[in-house]
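Worksheet: the structure to be examined is printed underneath.
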Amino acid sequence: MIISFEGLDGSGKSTQIRMLSEKLEMIGKKYTVLREPGGNSISENIRQILLDKNNYAIENETELLLYIASRIQLVKNCIIPLLNDGNLIILDRFADSTTAYQGYGRGMDLKVIRFLNNFATIDGKYMPDITFFLDMETDASLSRMESRGEEINRMESADSEFFKKVRNGFIEISKNEPGRVIRINAANIKEKVFSDIESVLKERNII
Ligand code: TYD
């Protein structure tokens, strides 16, 4: 079982993943959290290239292929062995981020992205079973991101028009795949957001 969390930067993914981890811990379910891009040393190296602000000259095609390369490495190197070992996998971002950020945000060809995501997930076999799209107004997520006080990385330094397109991308994905992608109102307080997530997981007999 693979569960992914998606949404704009600042939408509260990390908090919800932490709350879910605590719940899984409590009920004694074996799980692993992996982040994208990253999750293993090679993908973390790729992450450095992608998020380094000095790499502003990176071409859209290069950016896309690096996210895909990082994903393939994560699938083959981590996800498959961990699943075989009986883990529930929780992903902090995955294939939908590429569709939303590189496809809708950067305006790259969605057919190419579909092909590459399919390639990275071994013909879709390792696509998530459930994806929680934590949705909130773009301006609200941007101000949350800025108030974190952390240094803004290369992706986060894009303008608000870009993030509006990304959000729209996530909304489109959730409309196109309503069985897999569940849109959650992330503007609510974190306890309410978590109880919405918990209800879906209970309904599907996962927890
Ligand atoms: P990160 O600091 O992990 O952001 P967050 O904490 O919000 O998840 O940085 C990852 C950045 O990379 C984030 O801005 C989204 C972007 N991204 C893409 O553009 N395409 C992708 O396929 C993935 C996985 C992430």
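Rule-based calculations on the coordinates, nothing more; no lab input. From a predicted model like this one, the values you see are computed outputs, not experimental measurements. Backbone-built Cβ (ideal geometry, glycine too); neighbour counts: all protein chains shown.
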Amide proton proximity set for Val33, modelled H, under 5 Å, gap of 5+: Ile90
Restraint check, Lys13/Lys192; Lys30/Lys76; Lys76/Lys125; Lys13/Lys175; Lys164/Lys190; Lys23/Lys190, Cα-Cα greater than 18 Å: Lys30/Lys76; Lys13/Lys175; Lys164/Lys190
Cα centroid separation, the stretch 150-207 to the stretch 82-107 (Å): 12
Net dipole in debye of the chain [+1 Lys, Arg Cβ; -1 Asp, Glu Cβ; about Cα centre; nearest 20]: 500
³J(HN,Hα), Karplus 6.51/-1.76/1.60, whole Hz, each residue of the stretch 178-189, x for Gly, Pro: x, x, 8, 9, 10, 7, 10, 6, 8, 7, 5, 5
Whole-Hz couplings from phi, Karplus 6.51/-1.76/1.60, listed for the stretch 148-161; x for Gly and Pro: 5, x, 8, 5, 6, 8, 4, 5, 6, 7, 5, 7, 5, 4
Fewest-first sequence of Arg93, Arg154 by Cβ atoms within 10 Å of each Cβ: Arg154, Arg93
Within the stretch 1-101: Cβ-based charge dipole about Cα centre, in debye rounded to nearest 20 (Lys, Arg +1; Asp, Glu -1): 360
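Can you give the net charge of the other residues whose Cβ lies under 14 Å from the Cβ of Leu24, counting K and R as +1 and D and E as -1? Show your work: numbers first, answer last.
Working: positive: Arg18, Lys23, Lys29, Lys30, Lys202; negative: Glu22, Glu25, Glu198.
Summing Lys and Arg as +1 and Asp and Glu as -1 gives +2.
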Value of relative contact order over the chain, rounded to a whole percent, pairs C-alpha under 8 Å and six or more apart: 32
Given charges at Cβ of Lys, Arg, Asp, Glu: the stretch 1-103 dipole, positive-most of Ile46, Leu91, Leu20: Leu20
For the stretch 120-130, Karplus couplings with θ = phi - 60° (6.51, -1.76, 1.60), whole Hz, Gly/Pro x: 5, 9, 6, 6, x, 4, 10, 6, x, 7, 9
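Calculate the all-directions average of the projected area of the chain's alpha-carbon convex hull, and give it in nm². Each step should come with its number before you reach the end.
Working: hull surface 43.6 nm².
Averaged projected hull area, Cα only: 10.9 nm².
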Of Ala95, Ala57, Ala186, the one that fluctuates the most in a GNM where the chain has Cα springs shorter than 10 Å: Ala57
Amide hydrogen neighbours beyond the local backbone of Ile207, cut-off 5 Å, H modeled: Lys202
For Arg183, distant residues with modelled amide H under 5 Å away: Phe133
